[in-house]
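Shown next, in structure tokens, is the structure this report addresses.
The values are calculated or read from the model by the stated rules, or taken from the named source; none is laboratory data. Just so it is clear, the structure is predicted and the values come from calculations on it, not from any experiment. Cβ placement follows ideal geometry from the backbone for every residue including glycine, while neighbour counts extend to all protein chains displayed. Note: accessible area is taken over every heavy atom of the protein model, side chains too, but ligands, DNA and RNA are not part of it. Shrake-Rupley method; radii C 1.70, N 1.55, O 1.52, S 1.80 Å.
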Amino acid sequence: MIKGDIRHNQILEIIHENPGLNFSDIMRITGFKNGVLSYYVNKLEKWNKVTIIRKIGNTRFFPKDVNESESNLLEMLRRPTPYEIIFQLSKNPEGLTINDIVKISEKAQSTISTYLQLLLSKKIIIVILDEKKKIFMLKNMSNFRHTIQKYNFKPVNKTIQNFNEMFESL
């Protein structure tokens, strides 16, 4: 096997084992320099082996068979604050108020509010009005569990996640 094939396979394996990783996570895991990794992921995309979702300041990589709702969930699970919100909502299927989430997360209400709006826009959570209180809950608990199991989801190092989230929010 030639060197390029080994690198393509290595990157492809990392993406399959960790769907939703961003470019810098893959660089850190592989040890490849920016240009080397760019070359190989562009080839994988050209060969229709991976799906690359590009946004300003953030590029995420998924296996080709990941659908849109799965990629939305996996993308949010790769970011620490949305991960924490989703995790808390999965432990509380009856839902939580914004104040509950703020208290559990120990983050500012404005931060939690921003991420709740993002999760709502990606159709990961829903909001129900109950006695003048908004209750947030996962939109579909069985789809959440299925996606986590299907892709054997595991978060990456929290320090790296926090660093990446800081730059993604700029």
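Report the residue, chosen from Tyr115, Tyr83, Tyr39, that carries the largest GNM mean-square fluctuation when the chain is represented by alpha-carbon nodes joined by springs under 10 Å. Highest fluctuation among the options: Tyr39. Distance from the C-alpha centroid of the range 4-54 to that of the range 58-114: 24 Å, rounded to the whole angstrom.
Using R0 = 35 Å, the C-beta based FRET efficiency linking Ile98 and Ile14 works out to 0.45.
Express the carbon and sulfur contribution to the solvent-accessible surface of the chain as a percent, rounded to the nearest whole number, probe 1.4 angstrom. Intermediate results must be reported in sequence, preceding the final value.
Numbers: 5190 of 9750 Å².
It is 53 percent, rounded to a whole number.
The phi-based Karplus calculation (6.51 cos²θ - 1.76 cosθ + 1.60; θ = phi - 60°) puts the 3J(HN,Hα) values of the range 102-114 at 4, 5, 5, 7, 6, 10, 5, 4, 5, 5, 5, 4, 4 Hz, whole numbers, x for Gly and Pro.
Would you mind computing the Rg to Rh ratio of the range 62-104 from its alpha-carbon coordinates, Kirkwood style for Rh? It would help to have the intermediate numbers written out before the result.
Working: Rg = 12.4 Å, Rh = 11.5 Å.
Value, to two decimals: 1.08.
Could you point to the label whose value was computed as semi-axes √(5λ) of the Cα gyration tensor in Å for the structure here, given (i) 33, 16, 12; (ii) 28, 19, 14; (iii) 41, 19, 13? Matching the structure shown: (i). Got a sec? Which residues in the range 3-46 would a label at Lys55 touch, if it sits 7 Å along Cα→Cβ and we count backbone N under 18 Å? Answer for the range 3-46: 19-26.
Pairs with C-alpha atoms separated by more than 24 Å, drawn from the list Lys64/Lys91; Lys43/Lys150; Lys91/Lys122; Lys91/Lys150, are Lys64/Lys91; Lys43/Lys150. The listed peptides 129-135, 119-125, 100-106, 74-80, ordered by packing as a protection proxy, come out as 74-80, 119-125, 100-106, 129-135 (highest mean of other Cβ atoms within 10 Å first).
Can you give me the accessible area per residue for the range 76-119, using a 1.4 Å probe, in Å²? Show your work: numbers first, answer last.
Numbers: 2010 Å² over 44 residues.
Value for the range 76-119: 46 Å² per residue.
Within the listed set Ser90, Ser71, Ser142, the residue fluctuating most in the Gaussian network model of the chain (springs between alpha-carbon atoms under 10 angstrom) is Ser142.
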